[in-house]
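> Before I ask anything, let me first share the structure, which is written out below as structure tokens.
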Amino acid sequence: MKTAISIDDQLLHDADRAARQMGLSRSRLFSLAVQDYLNQRRQQELLEQLNRVYGGDPDLPEQRTAAKLKGKFRRTIKEAW
């Protein structure tokens, strides 16, 4: 699909130079750049969602489970040494 966009002259110049160095058309370079940006943005959004879900303090059952696992881990380490 063709489209028209406004872009700073220096940025266009730098993009043209980079495209030539990479052996790409300007259109391909812009397509790859937008695709990369959107992928990074999706990853950031996913990270933010995970942080919201797992970022809070553990509830009491989680605290008890973690304490049991730590104790078991400590015993296992002591037995191995």
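> Could you tell me whether L46 is of a type outside the set (S, T, Y), modelled with pLDDT of 95 or more, more than 30 Å from D14 (Cα to Cα) and part of a helix (DSSP H, G or I)?
Yes.
> Okay, moving on. For P58, all conditions in the list (1) in contact with a Ser or Thr (Cβ under 9 Å, 6 or more places away or on another chain); (2) at pLDDT 95 or above hold save one; what is the number of the exception?
Every condition holds for P58 apart from (2).
> Next up: Looking only at the range 9-23, decide whether some residue is part of a loop (DSSP other than H, G, I, E, B), of a type outside the set (D, E) and at pLDDT 95 or above.
Yes: the range 9-23 contains one or more residues that are part of a loop (DSSP other than H, G, I, E, B), of a type outside the set (D, E) and at pLDDT 95 or above.
The values are calculated or read from the model by the stated rules, or taken from the named source; none is laboratory data. All of these numbers come straight from a predicted model, not from anything done at the bench. With ideal geometry, Cβ positions are generated from the backbone for all residues, glycine too; neighbour counts draw on all protein chains shown.
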